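Chemist: First, the structure itself, so that you have it in front of you.
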Amino acid sequence: MKKALTITFVVLSAIIILDSFNAWHALAMFYLAGEIPGTRTSINPNTMLSIFALLIGFVLARIGNKAILSLFDRVSFKRSHNQHA
């Protein structure tokens, strides 16, 4: 119980600290307009599109890899289970 309370308070403290720095606004402006936090520089829209496409590709590859590996484990378990029976 103490560990759960400690984790909760640490997370809430981090949220309060990030809120005082307007981190959520900076993150939203980076995603929506490509504005680099702390500067007035903006990233080219084509570069932002490339970055998001790359990140989405990584996420989809990770999800697909996990699905294929779990399917492979399930099939190999059934085969080994049927051979021993």
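Chemist: Normalised by the number of residues in the chain, what is the relative contact order in percent for Cα pairs under 8 Å and 6+ residues apart?
Modeler: Across the chain, relative contact order equals 10 percent.
Chemist: Springs between alpha-carbon atoms under 10 Å, Gaussian network over the chain: tell me which of F58, F30, F72 tops the mean-square fluctuations.
Modeler: F72
Chemist: Rank L49, L32, L18 by mean-square fluctuation in a GNM of the chain with C-alpha springs under 10 angstrom and give only the top-ranked residue.
Modeler: L18
Chemist: Moving to a separate point now. Take the alpha-carbon positions of the chain, form their convex hull, and give its projected area averaged over all directions (one quarter of the hull surface) in nm².
Modeler: For the chain, the mean projected area of the Cα convex hull comes to 10.3 nm².
Chemist: Right, another one. Skipping prolines and chain starts, which residues have an amide H placed within reach, meaning under 5 Å, of the one on E35, given they are 5 or more residues away or on another chain?
Modeler: The answer is F30, I43.
Chemist: Could you give the length gained by full extension between I36 and K2, i.e. 0.36 nm per residue of separation minus their alpha carbon distance, to one decimal place?
Modeler: Net length gain for the segment: 8.3 nm.
Chemist: Hey, what number do you get for the chain at 222 nm if only DSSP H runs of n ≥ 4 count, each worth -39500 (n - 2.57), divided across all residues, to the nearest 500?
Modeler: About -29000 deg cm²/dmol.
Chemist: Suppose each label sits 7 Å from its Cα in the direction of the beta carbon; what would the R62-F77 distance come out to in nanometres?
Modeler: That separation, rounded to one decimal, is 2.3 nm.
Where a number appears in this text, it was derived from the coordinates with a stated rule and is not lab data. Please read these numbers as outputs of a predicted model, since none were measured by experiment. Reconstructed Cβ throughout: ideal geometry from the backbone, glycine too, with neighbour counts over all protein chains shown.
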